[in-house]
Structure formats: C-alpha cells, structure tokens
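Heads up: the structure comes next, in structure tokens.
The values are calculated or read from the model by the stated rules, or taken from the named source; none is laboratory data. None of the values given here were measured: they were computed from a predicted structure. Every residue, glycine as well, gets a Cβ built from its backbone with ideal geometry; the counts of neighbours run over all protein chains shown. Just the protein is used for accessible areas: all its heavy atoms, side chains included, with ligands, DNA and RNA removed. Shrake-Rupley method; radii C 1.70, N 1.55, O 1.52, S 1.80 Å.
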2 protein chains.
Amino acid sequence: VAERGGADYLRRHAAEIEAAAERIRPHVRRTPLLATDLDRRLRLKPESFQRTGSFKARGAFNAVLQLKRRRPDTAGVVAVSSGNHAQALALAARTAGLPAVILIPFDASPAKVAATRAHGAEVIQDGVTFENREERARQVMAERGLTLVHPFDDWDIIHGQGTAAREMLDDDAEIGTIAVPTGGGGLLSGTALAAKARDPRARVIGVEPERADDARRTLRAGAIQTLERAPDTLADGVRATAIGRRSFEVMVERGLIDDIVTVTEEELQDSLLRAWLELKLAIEPTAALPLAAFLAGRLPDGGRPVGLVLSGGNAGPDVVARLLTATAGAR
Amino acid sequence: VAERGGADYLRRHAAEIEAAAERIRPHVRRTPLLATDLDRRLRLKPESFQRTGSFKARGAFNAVLQLKRRRPDTAGVVAVSSGNHAQALALAARTAGLPAVILIPFDASPAKVAATRAHGAEVIQDGVTFENREERARQVMAERGLTLVHPFDDWDIIHGQGTAAREMLDDDAEIGTIAVPTGGGGLLSGTALAAKARDPRARVIGVEPERADDARRTLRAGAIQTLERAPDTLADGVRATAIGRRSFEVMVERGLIDDIVTVTEEELQDSLLRAWLELKLAIEPTAALPLAAFLAGRLPDGGRPVGLVLSGGNAGPDVVARLLTATAGAR
C-alpha cells in the first residue's frame, strides 16, 4: 500500500491536511475521543458535537477560507445540498463574510431548509428538483459569479475532512483501524490520507449501506461504479450515487483504502439505537454505519483499538422516535 | 462565603477530593468538557459517558476503595437503590473483588434490575418495598456483616462526586458558575467543595424539580426540610425526600451553596428534548435539570462561562420515545 500510495503523494497531502487543521482551528471544535462501556476496543470520534452538527464543517471552512485566500474578490459560494454540507457551507461562508446560495429540491424537509437559512444562507427551492438541481446550480453560478463548492469531489474539502482522523490519531496513536461512513468518499479519502501518512500500518475502512454499495463495487472493479438511482436507505447522508474522481484516485489508483464493507438496513437501525441507548450519543443514522460494521464483526482489529468517526448528529426526531418506540416495548 | 466556609475546612476537603481523584483514576473515565452551538457560554460535562452511565461511579469507586483500605477483611457492601448508585456500586465492588448486595423494591423496572445484575451484584427484591427497604437493608447488613454504602450521605461518596467539578475547572478555569442536579445533595456538596477550594468566586447552584424543592426550602429555612413522599417527577434520579446531613453541613452550616433553583416539569421535558436534538447528548431526564435552569435564565453567569454537570445517560427508551413522538409532529 505504502508503495502505491507513494511517500511523496502522502507527504504532500498530509502537509495540506496539517495546513487545513491550522486554517480551520479558530472555527471548528476539536471533538473528543471517547471510550465506552460497550466495548473496550472502541474509540469514538463524535462529530455530532462539531459545529453545525457534523464533520462537514471541517471541509466547508477549509474550502471557503482557501477560496477567499486564492480569490479575494469572489462573489460568494453556491452548493447543491439539503443536508449537512449545506449547513456547514452556510456557516463557513457567513463567518468569512461571503454570500452563500444553497439549492435545495422543493420537496426537501422544511426543517433542513430552516436550518440552512438559520446559518445565513440564501436558499433557492423554487422549481428545483432532484433531477435538475445541478443544472440550476450552474445557472446561478453563471448569473451571479459564484463559486461552486462541491460536497466531496474537491481537495480542499477532502483535506478538511481529514483533520478528524488526524485529531483521532493525536489522541490515541495506538488506533489500528479507522472506519468511516462512505457516500461520495470525501471523508473516506481525507481519513486515508491523514491516517496512512501518520501510520502506514493503520487500516482505513469505508462503510456503506448494502443498498448503496457503489464504493465497494468500485474498489472491487477498479473503475467507478454508479448506482442507478439515489438509494433508499436510513443513512441519508450517503445517498451520493458514486464516489468522486479524487476519492477514486485515493482509493483505487493509490490503493490507500483497505476495504469497503456494507451493513444491512436492519443492522444500521439496531446500531443507531444502541448508539442512543448504550453509547448515550444522539447521532444521526449515517453516523451509525461504522458502529454497525463494528458490531457485525466486519472491522478486523488486529488486537489494536478501533476508531470510528461518528459523522454527525442531525437526526430527524421522527426517525428516532419511531425506532425508540419499537424498542421500548421489547426492552 | 469563603469565611463561613473556612479556609481550613475547604483545604481539608479539597485534599480529600484530590486523593479521591487519584484513587479512582484507573477505574473511571475523564469525561470531556464540551462546547455547543446552543449557547457559547455553556460548558457541558457529560457524565452520561462515565462508566455505568452516570457520575455515581466516581463516588462508588471512592467509597469501595476506601472501605477496602480501612477494613481489608470486609465481607462486602450493600445498598438500597434501583438507580445509578446501584449499578455504580455493583461495578466498583466487583472491580475491588468484593460482594455487593443491592436491595431493589419488587416493583422496580426489570431493566434496572438487569443492569445491576449485569455488573455482578446480588439483587434482593423479594418482599422489598419502597417503605421497608431501609429496614430490610439493615437486616441484610447484620446477617452478612456487610457495610452499607449510602448513595449520598457519606464523605467518601461526596469526595468522589466532587472529582467531576475538579476536572471541569481543570479544563476551563474561566467557568464562573457550576450547576448540578440536586436530590440527596451528594453531587452538589462535592461540587461546592471542589469548586470553592479552587476559585472562591465560583458560584455553585443546585437544580431541583419544582415538585421536589426540599433542598431549596432547606437552604431558605436553615433546617432540613423533608418532602412528604417521593416526588412524582420526570427526574427520577432526584427523588430523595431530603438532603443528607453532610450536605446540610456544606450547604447551610458552611454556606458553600450559592443558590438552589427549581424548574417545572414542562421546562425539564423541553430541555431533555433539546439535549437530545440540539446538544446531541442522549442524557437521562435528571441530567437535563441544570440545562432547564440555564435555558429558563435562572443561572446568572456574571459574564463568565457556565458549567453544567449532565449527571447521567440511563434514560428509559419509552420516556424519550414519547417525548420525541410528541415533538416530531410539531417540528
């Protein structure tokens, strides 16, 4: 792995991640690394406590601050997202004094729209659908001279996300395996670049819903595989239909990802509940992916601690209420 | 306050708290101090991540280790509790290689009984009622030569509980006010002894349900006030009907508690939900007491950060499901 990864390649990216950590430090939280009664091998990085409630703040702040440095006259940023990237980018832009425009499909949950507006972004929903949103974003970019900040296929975003794994290994250098949720691959590739530069023996594993196993198939096939449609999964943070080109480079061309494993929807539900009831962490479904993989025995530990990046905490109360209600009867 | 408290008195207790911290260090977790998007003044000490899911592990380990040191031939410990003290004492005793017998009223929730047994304690429920449990405990003590470990009216317990505030001030010396849930007063008096020894200007405030305002009335009256019956409150961890004699000493005789404030059941419910949904912390209702007081504006901050000890995370899924279900519709 180290050879294909290339010492120079890793060194260069590790330096970028270090610079990102320095750049975003005044704006993001250094989340703790938690041990738990559930299993003594586990080390949890709860990005649910991160600003805006997810790790996305790391990448968004890095991307916005880099943009401002490179193009001081930029008119602002635009993104297509109804999720954590939208809120993170809105906050980062406001902090940097830049306008942010977020395109959200007209039928998205009002709570998510409100959260994005609460961070000061302009939200455009009128006539925006899941299908036409990319095209509409290009229109808005052109009309207003805004810069698109992609949620994952962007090196600044990737380097920002890598700062979580960097902190994790600063807090416990013994960690031998790190597992993260995998959608578009930004967190996964950032984690791999940070971890492998620090400890070439560290294993980095992506976790996907079985119903959204494109990254797993991509790793196996050696070519980007695309889901036919946005997957129907409880893990709404990993509904990207394919990983980005940069993550493909890290994963396949550089061979820096050790494995992608999948979990069923049932395993995911169960681990979400266990996170809330046993870990006492009110995480969102997507964040329970690595825990589900751990509990299913799919993260070989080689006798060393296992670090899980619990990606965020922006769960809908309805989802959790439904699961808790079903469980309360059974316990 | 400092004068009545007495420099010698504080110094002596602070030394005991420091010794307790050293003694229990291998067995308890150093929980983090969290900042949050909810309010920049807040500092949260989530004892929900403590071993056995509550701060009670601190006092229980200190009491058991002290007992073993003072009476190496002890036959074991006994306690009357169906809550967090039972689980904490069970784990501490097992760790120290001592038998633990816990008396739990016959009609307590099976989940709590199971949790206590899971930590290796012998549970006696047969014929135990809320009314006769103290008497039954004395019987068991006499028959088996066990030592009673009181859940709050015990200096070793109080000194153990004080280690949480000590860590809090180690992590952020700027904190000007610390608020904690108040039932029997063990956490409150330990917190006051730790905090006032460190910073005489620090304010220490206990928070009670309005329905269980005996500590508030005790502070006002200058004599221990007792509730007529165990209060009907969502905060099931503070159902003691009066504070202990030692806590009375700290609070009234030594004047080390700045205030006791109360919150309504509605305020408590709302803050529990906000803890789960906004702080991303799956705490138990009792732990939401100080948050409720903060949100209601009852914790004057004097411009300095406010530290809340979120006492535990052993919430029943049924309670939280019910609250989340009611909320999910409204949000």
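Output the residues belonging to region A:78-98 that are without any contact (Cβ under 8 Å) to a residue 40 or more places away in the chain and more than 22 Å from residue A:240 (Cα to Cα).
So the first thing to find is which residues in region A:78-98 are without any contact (Cβ under 8 Å) to a residue 40 or more places away in the chain, and the list is A:82, A:86, A:88, A:90, A:93-94, A:96-98.
Result: A:93, A:94, A:96, A:97, A:98.
Quick check on residue B:281: is it within 21 Å of the chain's Cα centre (by Cα), buried (at least 18 other Cβ atoms within 10 Å of the Cβ) and more than 8 Å from chain A (Cβ to nearest Cβ)?
Numbers: within 21 Å of the chain's Cα centre (by Cα): yes; buried (at least 18 other Cβ atoms within 10 Å of the Cβ): yes; more than 8 Å from chain A (Cβ to nearest Cβ): no.
So residue B:281 does not fit the description; no.
Please state which of the following conditions residue A:88 fails to meet, knowing it meets all the rest: (1) in a helix (DSSP H, G or I); (2) open to solvent by 40 Å² or more (accessible area, probe 1.4 Å); (3) in contact with a helix residue (DSSP H, G or I) (Cβ under 7 Å, 6 or more places away or on another chain).
Of the numbered conditions (1) in a helix (DSSP H, G or I); (2) open to solvent by 40 Å² or more (accessible area, probe 1.4 Å); (3) in contact with a helix residue (DSSP H, G or I) (Cβ under 7 Å, 6 or more places away or on another chain), the odd one out for residue A:88 is (2).
If residue A:82 meets every condition in (1) surrounded by fewer than 23 Cβ atoms within 10 Å (Cβ to Cβ); (2) assigned to a loop (DSSP other than H, G, I, E, B) apart from one, which number is that one?
The single condition residue A:82 does not satisfy is (1).
Could you tell me whether residue B:39 is charged (D, E, K, R), modelled with pLDDT under 95 and either over 17 Å from the mean Cα position of the chain (by Cα) or buried (at least 24 other Cβ atoms within 10 Å of the Cβ) (or both)? Spell out how you get there, then give the answer.
Values: charged (D, E, K, R): yes; modelled with pLDDT under 95: no; either over 17 Å from the mean Cα position of the chain (by Cα) or buried (at least 24 other Cβ atoms within 10 Å of the Cβ) (or both): yes.
Taking the combined requirement at face value, the residue does not satisfy it.
What is the residue count in region B:184-232 for residues that are farther than 28 Å from residue B:14 by Cβ, among the basic types (Lys, Arg) and at pLDDT 95 or above? Reasoning before the result, please.
At the first step, the residues of region B:184-232 found to be farther than 28 Å from residue B:14 by Cβ are B:209-213, B:217, B:221, B:225-232.
If we keep only those that are among the basic types (Lys, Arg) as well, we get B:211, B:217, B:229.
Remaining after also requiring at pLDDT 95 or above: B:211, B:217.
Of the residues in that region, 2 qualify.
Does residue A:137 count as more than 22 Å from residue A:272 (Cβ to Cβ), open to solvent by less than 10 Å² (accessible area, probe 1.4 Å), over 20 Å from the mean Cα position of the chain (by Cα) and of a type outside the set (Phe, Trp, Tyr)? Step through it out loud before you land on a result.
Values: more than 22 Å from residue A:272 (Cβ to Cβ): yes; open to solvent by less than 10 Å² (accessible area, probe 1.4 Å): yes; over 20 Å from the mean Cα position of the chain (by Cα): yes; of a type outside the set (Phe, Trp, Tyr): yes.
It is true that residue A:137 is more than 22 Å from residue A:272 (Cβ to Cβ), open to solvent by less than 10 Å² (accessible area, probe 1.4 Å), over 20 Å from the mean Cα position of the chain (by Cα) and of a type outside the set (Phe, Trp, Tyr).
Would you say residue B:191 is of a type in the set (Val, Ile, Thr), surrounded by 17 or more Cβ atoms within 10 Å (Cβ to Cβ) and more than 14 Å from the chain's Cα centre (by Cα)?
Numbers: of a type in the set (Val, Ile, Thr): yes; surrounded by 17 or more Cβ atoms within 10 Å (Cβ to Cβ): yes; more than 14 Å from the chain's Cα centre (by Cα): no.
For residue B:191, the condition - of a type in the set (Val, Ile, Thr), surrounded by 17 or more Cβ atoms within 10 Å (Cβ to Cβ) and more than 14 Å from the chain's Cα centre (by Cα) - is not met.
Given the conditions (1) part of a helix (DSSP H, G or I); (2) at pLDDT 95 or above, which single one is not true for residue B:152?
Against the list (1) part of a helix (DSSP H, G or I); (2) at pLDDT 95 or above, residue B:152 comes up short only on (1).
Which of the residues that make up region A:281-311 are of a type in the set (Ser, Thr, Tyr) and assigned to a loop (DSSP other than H, G, I, E, B)? Spell out the reasoning first.
Quick first cut of region A:281-311, residues of a type in the set (Ser, Thr, Tyr) only: A:286, A:311.
Selection gives A:311 alone.
Taking the conditions exactly as written (touching a strand residue (DSSP E or B) at 6+ places or on another chain (Cβ under 9 Å) and more than 13 Å from every other protein chain (Cβ to nearest Cβ)), does residue A:58 satisfy them or not? Outline the logic, then answer.
Values: touching a strand residue (DSSP E or B) at 6+ places or on another chain (Cβ under 9 Å): no; more than 13 Å from every other protein chain (Cβ to nearest Cβ): yes.
Spelling it out, it is not the case that residue A:58 is touching a strand residue (DSSP E or B) at 6+ places or on another chain (Cβ under 9 Å) and more than 13 Å from every other protein chain (Cβ to nearest Cβ).
Just name the residue that is nearest to the chain's Cα centre (by Cα) out of those in region B:308-331 that are over 23 Å from residue B:239 (Cα atoms) and either among the aliphatic types (A, V, I, L, M) or modelled with pLDDT of 90 or more (or both). Steps first, please.
The initial filter retains those residues of region B:308-331 that are over 23 Å from residue B:239 (Cα atoms), namely B:324-331.
Of the ones still in play, those that are also either among the aliphatic types (A, V, I, L, M) or modelled with pLDDT of 90 or more (or both) are B:324, B:326, B:328, B:330.
Details: B:324: 25, B:326: 29, B:328: 30, B:330: 33 Å.
Residue satisfying both the conditions and the ranking: B:324.
Checking residue B:289 against (1) at pLDDT 95 or above; (2) away from chain A (no Cβ under 14 Å); (3) open to solvent by 10 Å² or more (accessible area, probe 1.4 Å), which test does it fail?
Residue B:289 satisfies every listed condition except (3).
Rundown of residues vs (1) surrounded by fewer than 17 Cβ atoms within 10 Å (Cβ to Cβ); (2) basic (Lys, Arg); (3) part of a loop (DSSP other than H, G, I, E, B); (4) touching a residue at least 40 places away in the same chain (Cβ under 8 Å), yes/no style:
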| position | (1), (2), (3), (4) |
| --- | --- |
| A:224 | no, no, yes, no |
| A:231 | no, no, yes, no |
| A:247 | no, no, no, yes |
| A:255 | no, no, yes, yes |
| A:271 | no, no, no, no |
| A:276 | no, no, no, yes |
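Please specify each residue of region A:11-27 satisfying the condition of being within 18 Å of residue A:191 (Cα to Cα) and open to solvent by 20 Å² or more (accessible area, probe 1.4 Å). So that I can check it myself, show each step before the final result.
Taking region A:11-27 as the starting set, the residues that turn out to be within 18 Å of residue A:191 (Cα to Cα) are A:11-25.
Those that are within 18 Å of residue A:191 (Cα to Cα) and open to solvent by 20 Å² or more (accessible area, probe 1.4 Å): A:11, A:12, A:14, A:15, A:16, A:18, A:19, A:22, A:23, A:25.
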